[in-house]
Each structure stands twice: as C-alpha cells, then as structure tokens.
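The structure appears right after this line, and notes come after that.
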Amino acid sequence: MKKFSMILVLLLLFVMLTGCSAQKEPIVVGAKFYTEQEILSSMLILLIEEHTKLEPVARTNMSSHVIFAAVTTGAIDVYVEYTGTIFGSYLSQSDALSAGEVFEISSKTLKEQYDLRLLDPLGFNNTFCLAVRPETAAEFNLRTFSDLALVSHDLIFGGSAEILYRHDGLPNLKRVYNMSFKDELEFTDEERYIAIASNEVQVTEAFSTDGLLLAHELVVLEDDKSFFPPYEGVVVIRGEIADKHPELVAILSKLSGIISDSTMRNLNYRVDVQDEDPMDVARDFLRENGLIG
C-alpha cells in the first residue's frame with residue numbers, strides 16, 4: 001500500500017512538472033486605439049503564435065504616451081510605433097531631417113536611454129496630413145497648408161486629443177504656418193470623419209494611410225513646409241526580450257519593408273469601410289506574403 005501511494009505521488013509530481021514545463025512564456029503585444037494598430041498588432045500576434053514557443057497576450061487601446069510608458073517599464077514587450085512619434089513626441093526633437101536620419105537617431109537614442117530596439121521600418125510612412133472636403137477645397141482654392149493658413153480663421157478644425165496637444169501636433173503646426181482656426185474640436189477617429197462629412201468641421205487631421213480617406217474622397221493638402229516628420233512604422237521590442245529570444249526578432253523582422261503606403265491604406269479600408277475583422281485582414285496579408293500557413 002505504501003509502495004502504491006509512493007508511485008501515485010510520483011505520478012502526480014510528474015504530471016505537475018510536465019504541465020509547468022509545457023506552459024508557454026507570455027509575450028505582451030501592445031497596440032494603440034485605432035484600426036491600423038489593431039491590424040499591425042494582429043500581425044505580430046499571428047507571427048508569434050505560428051513561429052515561436054511564446055504565448056502572445058494582447059494589450060490594446062492605449063494612447064501614445066501610455067504605450068511608451070508601458071514598454072519602458074516592461075508592462076508590454078513589443079508593439080508597432082512610428083518614427084516621427086518617437087523623434088518628435090518622446091525625444092522632443094524638432095529638426096527637419098530625412099526619414100533615414102530620423103530612424104537612426106531614434107534607434108540609437110532609444111537603445112541608449114531605454115534599452116529598446118527598433119527593427120527596420122515596415123515600409124510605409126503614416127505621416128499626419130490635413131484633409132478637407134472637395135467642396136471646401138474648391139471654395140477656398142486649397143492645395144497646400146499655406147493656402148489653408150490664409151483662410152483658417154473662417155474654418156473649424158476637428159482632430160484627436162493627440163494632435164490637439166502634442167509637441168509634434170497642432171500647437172507647433174499653427175506657429176509654423178501662422179494658422180488660427182475659428183474653433184478646435186476634439187473627436188475620436190471615427191467621429192471626426194462624420195464631423196467633416198456633415199460640415200460640422202471643415203478641416204480634419206488624417207493619417208496618410210487612413211482607409212477612410214478613400215471612403216470619403218477627401219482632398220489631402222500638401223505640407224509645403226514639411227512640418228510633419230516622417231512617421232515610418234517600426235516594431236519596438238524591449239532589449240531584454242530581444243536578447244533572450246532572437247528567434248522573435250528574426251520572425252518579426254520579416255515584416256520589414258513589405259507594407260507600402262497603399263497596402264496599409266487598403267488594409268485599413270477593409271476594416272473601417274468593409275467592416276472586416278482586423279485579425280482576418282492581418283491573417284490574409286501574412287498568408288499572401290508567405291509568412292504564415
């Protein structure tokens with residue numbers, strides 16, 4: 001009886017140890033609060049699930065400063081960021097530099113100050129832009145930001161909280177172009193397109209890869225003084241995780257250079273306009289590019 005009990009205990013211990021050893025290590029994938037981030041974080045999750053022994057855990061709906069604080073404190077491990085946000089918002093830089101220079105400075109500084117690694121750019125530049133309805137462009141003869149500045153006092157601007165208050169957003173944009181809007185209203189991404197469609201606002205911010213630009217046929221104005229820096233999409237990963245899991249770096253690096261502006265805009269369009277699920281859209285893209293089965 002004692003021998004049987006001992007065998008039973010050993011079996012239970014074996015099962016417990018086997019279960020512990022089989023448990024996957026979690027890797028926390030972060031995302032901001034809009035469609036493009038949902039699609040891109042879904043790509044990261046799918047790649048991690050298929051090609052590593054890690055268990056991706058999603059943490060979504062964060063603002064830029066919240067997600068950066070999360071990655072610097074270890075609350076998340078990896079996410080997609082934009083070089084212009086790193087350079088202008090997190091590092092408080094305002095020099096007008098090329099996309100390559102912005103990436104190199106951002107990569108070097110984040111590694112030195114925060115032990116964060118930037119993988120090579122994904123291929124698209126999702127810079128801020130200002131957009132108006134075709135009727136507004138025709139009425140005021142608008143082609144550039146400078147054109148807009150001349151009539152801005154007659155127009156209402158609608159944008160997100162980020163562009164209204166960020167260092168690299170509207171406050172400095174108005175200073176550079178000497179703009180002064182009749183009013184400035186805060187909206188979510190979806191709300192601001194509704195607002196401009198109904199003429200509640202006449203000018204809105206957009207990102208150059210927004211699918212809704214296509215849906216609403218908006219006119220994108222030229223940033224003729226190159227105020228907005230390049231916003232290339234890049235994967236950010238904590239140095240500790242990158243060193244511990246080089247296989248993770250290798251698989252996520254396969255996204256570098258394969259997502260163009262038009263590709264990202266169309267992926268966003270499928271979610272925002274055609275109401276497809278971000279995970280399904282991400283899966284289709286990865287399969288089409290041979291990155292998952």
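Could you pull out the residue among Lys182, Lys225 that is exposed (fewer than 15 other Cβ atoms within 10 Å of the Cβ), modelled with pLDDT of 90 or more and within 27 Å of Val102 (Cβ to Cβ)? Before the answer, list the steps.
Numbers: Lys182 fails: within 27 Å of Val102 (Cβ to Cβ).
Testing whether each residue is exposed (fewer than 15 other Cβ atoms within 10 Å of the Cβ), modelled with pLDDT of 90 or more and within 27 Å of Val102 (Cβ to Cβ) leaves just Lys225.
Spot the failing condition for Ala206; the list is (1) in a helix (DSSP H, G or I); (2) modelled with pLDDT under 95; (3) crowded, with 20+ Cβ neighbours inside 10 Å; (4) outside the structural domain of Thr83 (by TED's automatic domain parsing), and only one is missed.
It fails just one condition, (1).
Output the number of residues of segment 243-261 satisfying the condition of being under 27 Å from Glu112 (Cα atoms), surrounded by fewer than 20 Cβ atoms within 10 Å (Cβ to Cβ) and under 21 Å from the mean Cα position of the chain (by Cα).
7
Between Tyr193, Tyr177, which is in contact with a Leu (Cβ under 7 Å, 6 or more places away or on another chain), buried (at least 19 other Cβ atoms within 10 Å of the Cβ) and either touching a residue at least 12 places away in the same chain (Cβ under 8 Å) or not basic (Lys, Arg) (or both)? Please lay out each step first, then the result.
On the way: Tyr177 fails: in contact with a Leu (Cβ under 7 Å, 6 or more places away or on another chain).
Matching residue, one of Tyr193, Tyr177: Tyr193.
Which of the strands (runs of 3 or more DSSP E) contained wholly in segment 30-149 include at least 1 residues that are within 15 Å of the chain's Cα centre (by Cα) and either at pLDDT 95 or above or polar (S, T, N, Q) (or both)? Walk me through it before giving the result.
Values: elements: 54-62, 78-82, 116-118, 128-132.
Of the strands (runs of 3 or more DSSP E) lying wholly inside segment 30-149, those with at least 1 residues that are within 15 Å of the chain's Cα centre (by Cα) and either at pLDDT 95 or above or polar (S, T, N, Q) (or both) span 54-62, 78-82, 116-118.
Please work out which one of (1) at negative phi; (2) touching an Asp or Glu at 6+ places or on another chain (Cβ under 7 Å) is the condition Ala131 fails and give its number.
Exception for Ala131: condition (2).
Does Asp168 fit the bill of being part of a helix (DSSP H, G or I) and either more than 21 Å from Ile67 (Cβ to Cβ) or touching a helix residue (DSSP H, G or I) at 6+ places or on another chain (Cβ under 6 Å) (or both)? Even if it seems obvious, please write down each step before you answer.
Details: part of a helix (DSSP H, G or I): no; either more than 21 Å from Ile67 (Cβ to Cβ) or touching a helix residue (DSSP H, G or I) at 6+ places or on another chain (Cβ under 6 Å) (or both): yes.
Against the criterion (part of a helix (DSSP H, G or I) and either more than 21 Å from Ile67 (Cβ to Cβ) or touching a helix residue (DSSP H, G or I) at 6+ places or on another chain (Cβ under 6 Å) (or both)), Asp168 does not qualify.
The values are calculated or read from the model by the stated rules, or taken from the named source; none is laboratory data. Model, not experiment: these values are computed from the prediction. Cβ coordinates were reconstructed from backbone atoms using ideal geometry, including for glycine residues, and neighbour counts include every protein chain displayed.
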